[in-house]
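The values are calculated or read from the model by the stated rules, or taken from the named source; none is laboratory data. Fair warning: this is a prediction, and the values are worked out from it, not measured in the lab. Here the Cβ positions follow ideal geometry from the backbone for every residue, glycine too, while neighbour counts run over all protein chains shown.
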Amino acid sequence: MITAVAQLLYYLYTFLMKFISEKTMNQYNLKGIYQEIWEYLGIGVVDRNSGFHTFSLATINGDIPDNRTVVLRGCDKENMKLSFNTNNFSKKIKHISNNYKVSALFYDKEKKIQIRIMGNAYINNGNLYCQEKWEKMSDQSKECYYQNINPGDVIDSPDDVKTKIINETSISFTIVDININSIDWLSLSASGHTRARFMKENKFDGEWIAP
């Protein structure tokens with residue numbers, strides 16, 4: 001009788017330790033993944049050769065989704081936001097003005113890691129934030145904001161588009177901040193894909209989800 005009880009207690013102890021160990025390891029992995037996401041994004045801001053330097057930005061145009069590639073210009077883990085620069089007269093600004101819900105899709109083909117970010121976009125134009133960023137930009141980066149025709153307008157020839165740099169902040173220069181609501185991380189592997197999600201409503205504590 002004592003032996004049977006001892007065996008039962010041993011099995012219960014083994015099961016409990018395994019459960020605690022797996023839970024702790026899962027949390028450690030999730031925290032490591034979350035940290036890695038922000039490290040990749042930080043590198044993407046400064047390294048043009050990084051797979052996370054550009055991303056596909058999806059907006060809503062009425063009831064039609066629309067996407068395009070933009071350059072990651074900033075990431076802020078503390079305030080949970082990303083940022084990119086764009087022309088204030090582009091179609092994406094009109095879309096965001098009507099519906100601030102956006103999605104950002106990153107994929108690094110070498111690391112085989114996809115990061116999907118959902119959030120609310122906020123438009124900055126003509127404020128001190130834009131002025132400070134503008135002053136740090138190169139003339140080459142500024143040039144596209146001085147073009148004489150708005151992005152997306154129909155033209156007769158590519159030669160119709162001209163630029164003339166003047167010594168003041170272009171009214172076209174806009175910074176869009178994406179305030180993050182969720183992050184979806186996917187790692188592709190021949191041995192099995194792995195996926196995790198981090199939600200604002202859960203204070204960005206991670207959880208595993210099926211890939």
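Overview of values
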{"read-out": "Subset of the stretch 165-211 [of a type in the set (Phe, Trp, Tyr) and at positive phi]", "value": "PHE204"}
{"read-out": "Where a residue in the stretch 44-66 is farther than 19 Å from LYS112 by Cα and without any contact (Cβ under 8 Å) to a residue 12 or more places away in the chain and its partner, wherever it lies, is assigned to a strand (DSSP E or B) and of a type outside the set (D, E, K, R), with Cβ under 9 Å and at least six apart", "value": "PRO65/ALA58; PRO65/THR59; PRO65/SER103"}
{"read-out": "Lone qualifier among ARG73, ARG116, ARG68 - being closer than 20 Å to LEU186 by Cβ and among the basic types (Lys, Arg)", "value": "ARG116"}
{"read-out": "Residue match in the stretch 104-115 (condition: more than 18 Å from ASN181 (Cα to Cα), out of contact with any helix residue (DSSP H, G or I) (no Cβ under 9 Å at 6 or more places or on another chain) and not charged (D, E, K, R))", "value": "yes"}
{"read-out": "Qualifying residue in the stretch 175-187 (condition: in contact (Cβ under 8 Å) with a residue 60 or more places away in the chain and either over 23 Å from TYR40 (Cβ atoms) or more than 22 Å from the chain's Cα centre (by Cα) (or both))", "value": "no"}
{"read-out": "Strands (runs of 3 or more DSSP E) contained entirely in the stretch 48-153, each with at least 3 residues that are modelled with pLDDT of 95 or more and either of a type outside the set (Gly, Ala, Ser) or loosely packed, with under 15 Cβ neighbours inside 10 Å (or both)", "value": "54-61, 64-71, 81-87, 101-108, 113-125"}
{"read-out": "In the stretch 33-43, residue surrounded by the fewest Cβ atoms within 10 Å (Cβ to Cβ) [restricted to those that are under 16 Å from MET118 (Cα atoms) and under 11 Å from the mean Cα position of the chain (by Cα)]", "value": "TRP38"}
